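Here the structure is laid out as C-alpha cells; the discussion comes afterwards.
The values are calculated or read from the model by the stated rules, or taken from the named source; none is laboratory data. Treat the numbers as computed from the prediction; the structure is a model and nothing was measured. Note that each Cβ is placed from the backbone with ideal geometry, even for glycine, and that neighbours are counted across all protein chains shown.
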C-alpha cells in the first residue's frame, strides 16, 4: 500500500488496522523530509536555544544542552519517558501507531531524517509489534509514554511481542535484519510528541464497532418482527421531514431488512395496538443520531490520522522552528467521548428491546419467551445480564475530556485525557456485543413462537445462521455458551455481511 502523507483515507486506515499489507512511503515525500532535517541540523550547530533540539523538555525547557550531548539528550528522553503500565496494547493499535507516526513525520515538518521514517516502515512491514503498555498517557504533551515504549523498541532497548510473548528488542531486530535506530537532534521528541496512540485507539474502536452497529440494525429489525411491530415508523416521509442524515439512513436500513415479511402482513389488519413502544418505533431517531455522531468522529479521526502533531514544527521554506500545541489531543478526546455516548446508547435501546420481548403484556409473546413460565425462567435472567452490561456502559460513557490534571510542574497545565477516552471504548463495544447477542437469541425465540409465519428473506437468513449454532430454548438449559456464540456472530461480521448484501443501502460511514 502506498502511503501518501496527509492523504490517508479511512479505507486505507482500516486496511492497516486489519494487517497483512506492506506499506511503501510515497517517494515524493523524501525531499520535504530531507529539507526539514537540514533545518534541525543547522539549529543544532547554532548558538540560539531551540526547544527540543538543544534544550531540556517540559518544565526544563530553559535548560541549555551542549552540542556534544544532543544525541544523548534524545536517548535519555526516550528512556525516561518509557514509564507506561498495564497490559500491552492490541497489535492492531500498534500497527496503526507505527503507520500514523511514519506518515506524520513524512509530511516534512518534524525535522527527522528519512532513516527514522524508514525504520518505522521496516518494523511495520516485518510484522513486528513493539510492546506498548496501555496506561500512562494524559493525551498531552502528546501520547508520551506509549510512543516512548514504541520508540524504545526501535532503538533496540525495549521489547517486542512475538507470539504473545515479550522478547528483547535487540534480538528481534537482529533476526529481521533491521538496524536499531540511533537518534539525532530532535528525533526522539518528534517520535513521542504526537497523538498517534490516542488516534489509533479511537480508530481501533471505530473499526471494531462497525460490524457491531450493523448487527444492531439487523437484530433490531428481527425484534420488530418478533414483537409484530409496525413498519410504519420507518416510512421515509417521516424522516425526510426531520432531515437528520443518520435517521434517514437507519430508517432505510430497516425498510430493506423488513421488506417482504409475512409476519408483518399477518397483522396489518385486526391489530388493536395503535403505536409501538419507543424501543421499536424510535430506532431510526436513536440509532440514527448515534450514527451521525460516529460519522462525525470518523471525520475528526481521519483528519487527525493525516495531521502533524509534534512540537516544535519545522518550516523548511523559511527555516523557522515554531513551538505550538498540536500535540494536545482534545479533538480525539471529544470525538472519543461522543463515540462512547453513541456506543452506550446502541446498547441501551437494545436492552430495552429485550425487556419488551420478555414482557408478555407488551410483546404478546409467552412470558419470558418460554412456553412453560414458572417451571421455566426462560430469558428472565439473560435480560438481567443485558441490564448489567448496559448500566456498566453508562458509567464508562462518562466524558473523559472534562477531566484534567496539570503535569510537568504546571507547565503542561491542561491535558485532554484522550488516550483513556479512546481506550475505554473497547470494553464498551464488548458489552454492546453481548447485549445484542442476548437480544438476537430472544428475538429468534420470539420468531419461533410465530411459526409457521416467516420473516423477510434477510431476517430468515439471520435466524438460520443463529439456529445453526444455537437451538431454540423451549425448556430451560445452560444458555451462557449460546450467549457467547450469538455475541460472536455480532462481533465477527457475520450479521453485518447479511446487511451488506441488501441492494441500494447507504454505506455506514461517510466516504472519506
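For this structure, a couple of remarks:
- Per-region count, region 187-233, residues surrounded by fewer than 24 Cβ atoms within 10 Å (Cβ to Cβ) and at positive phi: 1
- Qualifying residue in region 361-368 (condition: within 21 Å of residue 290 (Cα to Cα), modelled with pLDDT of 95 or more and either in contact with a helix residue (DSSP H, G or I) (Cβ under 7 Å, 6 or more places away or on another chain) or assigned to a loop (DSSP other than H, G, I, E, B) (or both)): no
- Check on residue 386, under 18 Å from the mean Cα position of the chain (by Cα), surrounded by 19 or more Cβ atoms within 10 Å (Cβ to Cβ) and either modelled with pLDDT of 95 or more or not assigned by TED's automatic domain parsing to the domain that holds residue 86 (or both): no
- Exactly one residue out of 303, 281, 295 is assigned by TED's automatic domain parsing to the domain that holds residue 238 and without any contact (Cβ under 8 Å) to a residue 40 or more places away in the chain, and it is 303.
- Residues that are modelled with pLDDT of 95 or more and surrounded by fewer than 24 Cβ atoms within 10 Å (Cβ to Cβ), drawn from region 299-316: 299, 300, 302, 303, 306, 307, 308, 313, 315, 316
- Residue ID - nearest to residue 434 (Cα to Cα), chosen from residues in region 215-251 that are part of a helix (DSSP H, G or I) and out of contact with any helix residue (DSSP H, G or I) (no Cβ under 7 Å at 6 or more places or on another chain): 232
- Being exposed (fewer than 13 other Cβ atoms within 10 Å of the Cβ) and in the same structural domain as residue 76 (by TED's automatic domain parsing) is not true of residue 15.
- Comparison of 479, 498 shows that the only residue that is touching a residue at least 24 places away in the same chain (Cβ under 8 Å) and closer than 17 Å to residue 442 by Cβ is 479.
- Checklist (1) in contact (Cβ under 8 Å) with a residue 60 or more places away in the chain; (2) touching a strand residue (DSSP E or B) at 6+ places or on another chain (Cβ under 9 Å) applied to residue 100, failing item: (2)
- Count of residues meeting criterion [out of contact with any helix residue (DSSP H, G or I) (no Cβ under 6 Å at 6 or more places or on another chain) and either closer than 15 Å to residue 508 by Cβ or part of a helix (DSSP H, G or I) (or both)] in region 299-316: 2
- Whether a residue is surrounded by fewer than 16 Cβ atoms within 10 Å (Cβ to Cβ), in contact with a strand residue (DSSP E or B) (Cβ under 6 Å, 6 or more places away or on another chain) and in a loop (DSSP other than H, G, I, E, B) was assessed, and residue 22 does not pass this test.
- Residue match in region 46-59 (condition: crowded, with 16+ Cβ neighbours inside 10 Å and without any contact (Cβ under 8 Å) to a residue 24 or more places away in the chain): yes
- Residue 447 vs. criteria at pLDDT 95 or above, surrounded by 16 or more Cβ atoms within 10 Å (Cβ to Cβ) and more than 20 Å from residue 291 (Cβ to Cβ): yes
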